[in-house]
1. Given a Förster distance of 45 Å, report the FRET efficiency between K44 and E216 from their Cβ-Cβ distance, rounded to the nearest 0.05.
2. Give, as a single signed number, the net charge of other residues whose beta carbon lies under 9 Å from the beta carbon of G267, with Lys and Arg counted +1 and Asp and Glu -1.
3. Name the residues of region 212-234 whose amide N is less than 17 Å from a point 7 angstrom out from the Cα of R190 along the C-beta direction?
4. Residue by residue, what Karplus-based ³J(HN,Hα) values in Hz, rounded to whole numbers, does region 115-131 have, using 6.51, -1.76 and 1.60 with θ = phi - 60° and x for Gly and Pro?
5. Counting only protein heavy atoms and using a 1.4 Å probe, what share of the accessible area of region 112-244 belongs to carbon plus sulfur, as a whole percent?
6. Net charge within 9 Å of Q52 by Cβ-Cβ distance, Lys/Arg positive one each and Asp/Glu negative one each, not counting Q52 itself?
7. Please list, ordered by chain and number, the residues whose modelled amide H lies under 5 Å from the amide H of Q308; skip anything fewer than 5 residues away on the same chain.
8. Could you state the orientation-averaged shadow area of the convex hull built on the Cα atoms of region 75-229, in nm² to one decimal?
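The values are calculated or read from the model by the stated rules, or taken from the named source; none is laboratory data. Keep in mind the model is a prediction, meaning the values are calculated, not measured. Reconstructed Cβ throughout: ideal geometry from the backbone, glycine too, with neighbour counts over all protein chains shown. Quick note on the areas: whole protein, heavy atoms, side chains included, nothing else; ligands and nucleic acids left out. Shrake-Rupley method; radii C 1.70, N 1.55, O 1.52, S 1.80 Å.
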Amino acid sequence: MLSFRQLLWLFFNLAFILLSQCTHAKDLKSSCHTCKQIADNFIKGLDQTKKQNFGGGNTAWEERALSKYETSEIRLVEILENLCESSSFDCNHMVEEHEDHFETWWFKRQKKHPDLYKWFCIDTINVCCLKGTFGPDCNACVGGSERPCHGNGVCDGDGTRGGNGRCNCDHGYKGEFCLDCIDGYFNEIRNDTFSLCTECHSSCKTCTGLTNEDCEKCKTGWGEDDEGACLDVNECLNDPPLCKEDQYCLNTDGSFSCKGCDKVCSGCTEAGPDKCQSCAPGYQDTEGTCTDVNECEQPDAVCTAGNQECVNNKGSYICICASGYEEQEGVCVTIPEPGAVVSDDSWFSWLTLYLTSVHDQAKENEEDADTVKRPEEHVDL
């Protein structure tokens, strides 16, 4: 029996092997991508230089003496110098490593093998495969190289020397061969080599057709009626309610949401000040709509301190000093004229108002405390 240390050693070795394989497969895919980019840029370079020449004053003599620019080494060098971004290490390394192959293709193979990508990436340096094949030996993907994954997915490693050839199915499809349908889809057409998965009705979790009557099972938020069709469940009729007191319920297909009531409402059935169950403090019902109460127009004054006036706002009010007065220590006093000397009488008036206010407040607090703490009187029989 293996010891714990031996088991641990075995585990780490297996993990290292698996990680190495994954990294190697990733490197193979990356190498093919780099090679394809180089081949594409080479073709772009051909197009960009097709109207150029040697750049001297006598192009005709230069081409007779030095061969044609079209097939010259100067043109090849100009193209090679612009194949890669300066920051792309992989691209520059591949071009430098295989520069002799580019020269061979340019001078000897170009006419016989005009497809540079196939000649260079697939047949010469062996980093890519033909489309629909994968892996070191360029085996056909699942479903065949003509229609990998039966046209309903992407073959892992397709066109590279990496990957495992398994299918990554398109949305709506599943299974090893991407011929089966996921929940919410059904096979409209199906045979051994072709499958068309079509989306079910929004009420169906699984189905056999397009309508809500073709559901095999209803989605959450939908219920089956007496005839077997899936219909929306109105969660807003639930008892007890699913939303908070300051919210109303909005039903949607297969679900619901809770929305905040208008601030003038104390409970509501829908959005708006005319959908309140009752009005919030500071508001009143006016022909079915909650409107602001103007406390400043009430028969009994709400701002009772001297020299104050009332200012109404939405749902409430505030008391401010009247024009010509300012607040000092909680009391509204006359604002002195600019440059005026404050007389002793003014200070005496202010002090009297202030002390009266403090005395009234203290007396009110004393009466409240006396009401709470006063014991009941008992009469002896």
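1. 0.25
2. So the surrounding residues net to -2.
3. What the label zone holds, given the 17 Å backbone N cut-off, is 214-217.
4. 7, 4, 4, 5, 5, 7, 7, 8, 8, 9, 9, 6, 10, 10, 10, 5, 4
5. About 48 percent, which is the carbon plus sulfur part of the accessible surface.
6. +2
7. A322
8. Averaged projected hull area, Cα only: 13.8 nm².
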